[in-house]
């Protein structure tokens, strides 16, 4: 038996911030029923037909991101603009534990299924709403997307090199963070309901979730009144807590190949110096941590001259053998195809998609010894499980389902 086997989620959530949360619960056994609009493809989840693709085919069932974020789920279609559609949804909610969505604030209310209506249908329902600025507060009416969340949260400003504009991040890591918060919140609400019988509304703000990634920048301002990106403050590629030098990413022999090195203390520096065995390592400026920190640009340049003599694996192996933390900077394709530890952890399970065939998806980084996760179902094609859900769970006949489909309800 899986940990969440008896939990059912009616899931309107999409992209990654919402879909990622319910995927985590699906991996641990929850039955997640992904609800989509049959008549307005892409309106509810823009990644459904978006790249990456596995081949030259295109279509609303062939988006690689959608398949990754919705692995393990069932998929149904339901048009809530129709009277029959609005009559069917309460039947699905009534047999669910959680309703999850990440529409803009107020959308579920306008559809007629805000929290008060959900409680009328099922008094102990747990409702997760996950939107850019949450369902309360002065920004509640603002609409947002990944780059906006990143900017407003403070992440964009603190990411950049000295003398250059804020760079931000090329990928929406705050969507992952929002998904993790959503999954944890649903589990906490389920635990509370199991103890008390009470459901509740989880109001999750993506911007607030992203702000939690700013780390010491907010703490430094709160405690010391010091802003980020000030003179003397490390740029986004470095950290001064704890102070270490040399400490960073250094070039290897081949173009765009790199190695990470962390010199924790003077003992590590002595080991590095013995390995390098060049005259400059005896420079008095580098004899102590204070000296290395004060002369870090010069030290980094000299370190780079040495690391460029070798490939990244050789540098890492030599320093590791000397007891110094070092590792090659790996590319994503190396992690998935070449790293034996990733393979041993089963981080990229293969699933069979109805149209795409066999594809790999992201698994979970934690394993439970008694109730481990598994993802053996690919993301659903649009409406793929209409008969299974409407027939098997709600008891509709094939004729009823055919009629609903003909009318555009499903």
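Since every read-out is calculated from the coordinates, none of them should be taken as a lab result. The model shown is predicted, which means the values in this text are computed figures rather than measured ones. Ideal geometry is used to build each Cβ from the backbone, glycine not excepted, and the neighbour counts take in all protein chains shown.
Remarks
- Computing FRET efficiency as 1/(1 + (r/R0)^6) for residue 249 and residue 94, where r is the C-beta to C-beta distance and R0 is 56 Å, gives about 0.55.
- Residue order, fewest to most beta carbons within 10 Å, for 23, 143, 370, 2: 370, 143, 2, 23
- Most simply put, the chain has about 35% antiparallel DSSP beta bridges, counting only bridges with both residues inside it.
- Helix 312-321 and the longest principal axis of the Cα set of the chain meet at an angle near 70°.
- Length gained on full extension, residue 343 to residue 39: 105.4 nm, using 0.36 nm per residue less the C-alpha separation.
- Relative to the longest principal axis of the Cα atoms of the chain, helix 296-307 runs at roughly 90 degrees.
- A simple spin-label model places the labels of residue 1 and residue 139 4.3 nm from each other, with each point 7 Å out along Cα-to-Cβ.
- FRET efficiency, residue 169 to residue 240 (Cβ-Cβ, R0 25 Å, nearest 0.05): 0.75
- Estimated FRET transfer efficiency when R0 is 22 angstrom, pair residue 317-residue 219 (beta carbons, to 0.05): 0.05
- Neighbour counts of other Cβ atoms within 10 Å put 206, 396 in the fewest-to-most order 396, 206.
- Over the chain, relative contact order from alpha-carbon pairs under 8 Å, at least 6 apart, %: 20 percent
- Take the Cα of residue 264, step 7 Å toward its Cβ, do the same at residue 229, and the gap between the two points is 3.4 nm.
- For the range 118-159, the residues whose backbone nitrogen is under 18 Å from a point 7 Å from the Cα of residue 109, taken along Cα to Cβ, are 118-121, 127-144.
- Exposure proxy ranking, count of Cβ atoms within 10 Å, fewest first, for 351, 315, 140, 223: 223, 140, 351, 315
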